[in-house]
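The values are calculated or read from the model by the stated rules, or taken from the named source; none is laboratory data. Because the structure is a prediction, the values reported are computed rather than measured. All Cβ positions, even for glycine, are placed from backbone atoms using ideal geometry, and neighbour counts span all protein chains on display.
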């Protein structure tokens with residue numbers, strides 16, 4: 001088996017913090033991935049409500065997080081109105097990450113795999129703002145649907 005492209009460091013991750021918060025909400029230890037996964041299936045409304053709150057989704061959630069709770073028919077946050085761009089691009093309150101890479105493209109470099117390109121939050125915000133301005137200039141408005149065919153890469 002080949003070496004993994006990415007191995008997380010020892011520093012606390014947002015996923016570990018989420019698992020800890022989920023454990024507090026569920027009243028038991030959910031730091032093991034399998035336990036967190038089992039809880040998400042056993043109580044999907046609580047799980048998805050926590051995802052919304054913990055990760056700071058920007059918008060109005062609505063009353064129900066998962067309806068029905070069983071895949072593949074499940075609809076998540078059917079009454080929600082959200083701005084996914086604002087959700088993804090807002091700074092993380094617990095750290096100043098404006099100059100840290102948040103989008104990283106990897107690919108083959110020589111005989112190995114490495115970073116081909118990256119964008120900081122600030123660079124990504126600038127690109128998104130430029131794309132939004134271009135779409136508005138062409139008459140695209142809220143509620144419109146857009147399909148894109150794009151190359152793989154940043």
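Remarks
- Neighbours by Cβ (under 6 Å, 6+ apart or cross-chain): first from the stretch 31-47, assigned by TED's automatic domain parsing to the domain that holds residue 21; second modelled with pLDDT under 90 and surrounded by 16 or more Cβ atoms within 10 Å (Cβ to Cβ): 44/66; 44/69; 45/65; 45/66
- Residue within the stretch 103-118 that is outside any loop (DSSP other than H, G, I, E, B), modelled with pLDDT of 85 or more and in contact with a helix residue (DSSP H, G or I) (Cβ under 9 Å, 6 or more places away or on another chain) present: no
- Complete set of residues in the stretch 80-96 that are surrounded by 12 or more Cβ atoms within 10 Å (Cβ to Cβ) and either over 16 Å from the mean Cα position of the chain (by Cα) or on the phi > 0 side of the Ramachandran plot (or both): 80
- Scope the stretch 123-148; condition under 20 Å from residue 106 (Cα atoms) and either in contact (Cβ under 8 Å) with a residue 24 or more places away in the chain or surrounded by fewer than 10 Cβ atoms within 10 Å (Cβ to Cβ) (or both); matching residues: 124
- Filtering the stretch 54-75 to residues that are outside any loop (DSSP other than H, G, I, E, B), modelled with pLDDT of 85 or more and over 15 Å from the mean Cα position of the chain (by Cα) leaves 60, 75.
- Within the stretch 6-48, the only residue that satisfies the criterion of being farther than 25 Å from residue 92 by Cα, part of a loop (DSSP other than H, G, I, E, B) and under 21 Å from the mean Cα position of the chain (by Cα) is 43.
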